[in-house]
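*Asks:* Supplied in structure tokens, the structure appears directly below.
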Amino acid sequence: MYSATPEGTIGSLIGIFSVPLTGALSDRWGRRRVYRIGSVFLLLYSFPAWWMLTLGNHALAIAVIAVGIGFGVNVMFGPQCAMLPEMFGNRHRYLGVAMAREISVVLAGGLAGVLVAYLIAVSGGNWVLLAIYMTVLALITTACTFLVPETLRRDLTRLDDAVRVSRDEAGEGVSSTTVTIRTVEW
């Protein structure tokens, strides 16, 4: 995935440890909490990382990107591997995970290079716009961790999807954090 470059290789080597560790931590603390740690890391890392990349030091640039991949991205990847399948019932799990992952990869990842090139062109190479872009993406990701249901210990044999309900919708026998709904038969 990232290993075609030195920074990708180092980031992937860090991921050998960070992905299983954060996956295990998500088994204890919950998927959302650990995922949120990764997104907040990237949120706080955005401006310092882009500033360091402008310093012109090749070794520092490799380290900055490797840390961003190894800790920021891979800390989210550990719990994501369990969280996404747990969000969907087993009738539509493959389609749900595939759509969630692949559409987001196209929109956030595939278009990122084009958008970044445009931001560099219109700003005359100003790193601040790139840091703002990364911060906005990290803010969206962090906000989403408050909107998705916690799926830790969810029974994967269930046919229904996990959904979040508000406190107003919670009632007798319905938790205000996570419930499941029945899927519609077509």
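The values are calculated or read from the model by the stated rules, or taken from the named source; none is laboratory data. None of these values were measured; they are calculated from a predicted model. In this analysis, Cβ positions are derived from the backbone assuming ideal geometry, glycine residues included, and neighbour counts consider all displayed protein chains. Ligands, DNA and RNA are excluded from the accessible area calculation, which covers all protein heavy atoms including side chains. Shrake-Rupley method; radii C 1.70, N 1.55, O 1.52, S 1.80 Å.
*Asks:* Of all the accessible heavy-atom surface of region 53-98, with the other protein chains kept in place and a 1.4 Å probe, what percent is carbon and sulfur?
*Replies:* Reported share for carbon and sulfur atoms: 73 percent.
*Asks:* Follow-up. Take the chain, connect every pair of alpha-carbon atoms lying under 10 Å apart with a spring to form a Gaussian network, then pick out the residue of Val34, Val116, Val73 with the largest mean-square fluctuation.
*Replies:* Val116
*Asks:* Using a 1.4 Å probe, what is the accessible area per residue for region 40-122, in Å²?
*Replies:* 55
*Asks:* Measure nothing but the geometry: give the 0 to 90° angle between the long axis through the Cα atoms of 31-53 and the longest principal axis through the Cα atoms of the chain, rounded to 10°.
*Replies:* The angle comes out near 10 degrees.
*Asks:* With angles folded into 0 to 90 degrees, how steeply does helix 127-145 sit against the dominant principal axis of the chain? Use alpha carbons for both and round to 10.
*Replies:* With both axes taken from Cα atoms, the answer is about 10 degrees.
*Asks:* Peptides 131-139, 61-69: what's the order by average Cβ count within 10 Å, highest mean first?
*Replies:* Going from most to least packed, we get 61-69, 131-139.
*Asks:* Starting from the amide H of Ala162, placed 1.01 Å from N in the peptide plane, find each other amide H under 5 Å away whose residue is 5 or more places distant or on another chain.
*Replies:* Amide H neighbours of Ala162: Phe88, Gly89.
*Asks:* Separate question: Within the chain, what's the longest stretch lacking GluC sites (Glu not before Pro) that sit in DSSP loops with no more than 15 other Cβ atoms inside 10 Å?
*Replies:* The segment 1-168 is the longest one with no such site.
*Asks:* Between the helical axis of 112-123 and the dominant principal axis of the chain, each derived from Cα atoms, what acute angle in degrees is found, rounded to the nearest 10?
*Replies:* 40
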